[in-house]
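The structure appears right after this line, and notes come after that.
The values are calculated or read from the model by the stated rules, or taken from the named source; none is laboratory data. Note that the structure is predicted; figures quoted are calculated from it, not measured. Note that we place each Cβ from the backbone using ideal geometry, even for glycine, and neighbour counts take in every protein chain shown. In case anyone asks, the SASA skips ligands and DNA or RNA and just uses the protein heavy atoms, side chains included. Shrake-Rupley method; radii C 1.70, N 1.55, O 1.52, S 1.80 Å.
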Amino acid sequence: MSKALTYIQSKLEQRAAVGSLRALKPENDLIDFCSNDYLGFARSTELKELIKKETATQHSLNGSTGSRLISGNLKYTEALERHIAVFHNAGASLLFNSGYDANVGLFSSLPQKGDTIIHDELIHASIIDGARLSLANRYSFKHNDLESLEAKLKAAKGNCYVVVESVYSMDGDEPPLQQIVKLTTKYDANLIVDEAHAIGLYPAGLVSYIGLQGKVFARIVTFGKALGVHGAVVLGSDLLRNYLINFARSFIYTTAASFHQVATIKMAYELLNRSEATVQLLKANIALFKKHIYAPTLIESNSAIQCIILGDNNKAKAVATHLQNAGFDVRAIMSPTVAIGAERIRICLHAFNNPDEIIKLTSAINTLII
């Protein structure tokens, strides 16, 4: 065996308990408490019909045929970008093929040598990957810790970019955005907020919900969570949009999304516009779960993401397996995905989960953990 294959084998053995693919279960086999489909749009027959009607009325190719800078741009796409910008109270927006592409494109192209990126220690991996591709200095601050953030801001050089998530993907909690805005304003830093997991609970995002859009340099919204489709958008000024078109390599050097993909995004926003009752169902289900769960290591969260720290890979896996055998699709999140000692089960609540399912789930968890 070559040295390269030996290295690959050793790394796979280290990750054997963590990084294996798991096939989707047949519908109704397990009750979904693990997906990011918070509003049920991914399974929505109403959204499917909207997409079918929209694509039937448009003459389009099967694929986009090239990047948006060559042959893949559409007036339809540009009109959708303007609509999305208005929806989120932003000056402009630019579509990317995924949230990963959006974050890598933004953070690899915007900060330059001599600049500084400061991010929460729990920030998403795609942001870290993008920052690593830039030539900027990169520092992390303790999770949601304002003193730690200010210490890093005092040492920042060049243009400074502070990056947080509005709902954290692993803990489900929110940052103190208003206080962070005060700090970034004080130190003339640019705040960037990843809104991936806030959409759904806050349809236009947490930044817009609390009226801070004028204080935030850029936002990233992904469509693969509550919107149930695929792709992402960077929200910001028209100047930022034009900059990314010219310098974001994950935008420039990739085949554009097909018309069908863009149409699914447009119809997801149309459905979101009339989904207030669905959003309220999600909020009610979150409240119901929190009312009935008695796990002492539950992370404080008001979002659809609820996590219980178990502190050990084997224990997290055992609890998840027990819940799966009881009919609940709950997954273990193990180190190194999270820090050693922070291993957990991660529960995602949805508008389509009924009260009986939630109460039975909490009862099963309480029996296992208390």
Checklist entry - What do you reckon, is L69 in contact with a Pro (Cβ under 9 Å, 6 or more places away or on another chain), surrounded by fewer than 19 Cβ atoms within 10 Å (Cβ to Cβ) and more than 24 Å from I199 (Cβ to Cβ)? => result no
Checklist entry - If we scan the range 308-324, do we find a residue that is within 18 Å of G40 (Cα to Cα), assigned to a helix (DSSP H, G or I) and free of Cβ contacts under 8 Å to residues at least 60 places away in the same chain? => result no
Next on the checklist: Please determine whether any residue of the range 49-67 is within 30 Å of A339 (Cβ to Cβ) and out of contact with any His (no Cβ under 9 Å at 6 or more places or on another chain).
Outcome noted: no
Checklist entry - Out of (1) closer than 30 Å to L47 by Cα; (2) polar (S, T, N, Q); (3) open to solvent by less than 30 Å² (accessible area, probe 1.4 Å), what's the single condition that is false for S148? => result (1)
Next on the checklist: Return the residues of the range 270-279 that are in a loop (DSSP other than H, G, I, E, B) and open to solvent by 10 Å² or more (accessible area, probe 1.4 Å); say none if nothing qualifies.
Outcome noted: R274
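To keep it simple, each residue is scored yes or no on (1) in a helix (DSSP H, G or I); (2) under 25 Å from S108 (Cβ atoms).
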site: A226; (1), (2): no, no
site: Y243; (1), (2): yes, yes
site: A257; (1), (2): no, yes
site: Q261; (1), (2): yes, yes
site: I265; (1), (2): yes, yes
site: A268; (1), (2): yes, no
site: L281; (1), (2): yes, no
site: N285; (1), (2): yes, no
Item to check | Matching residues, the range 285-330, being more than 20 Å from E343 (Cβ to Cβ) and β-branched (V, I, T) | outcome: I286
Item to check | Boolean, I308 is touching a helix residue (DSSP H, G or I) at 6+ places or on another chain (Cβ under 7 Å) and either exposed (fewer than 15 other Cβ atoms within 10 Å of the Cβ) or not hydroxyl-bearing (S, T, Y) (or both) | outcome: yes
Checklist entry - Restricting to the range 206-224, what's the tally of residues that are over 18 Å from the mean Cα position of the chain (by Cα) and part of a helix (DSSP H, G or I)? => result 3
Item to check | Residue check, V181 farther than 21 Å from R241 by Cβ, touching a helix residue (DSSP H, G or I) at 6+ places or on another chain (Cβ under 6 Å) and free of Cβ contacts under 8 Å to residues at least 60 places away in the same chain | outcome: yes
Item to check | In the range 218-259, the residues that are among the small types (G, A, S) and either more than 20 Å from Q112 (Cα to Cα) or out of contact with any strand residue (DSSP E or B) (no Cβ under 7 Å at 6 or more places or on another chain) (or both) | outcome: G224, A226, G228, G231, A232, A248, A256, A257, S258
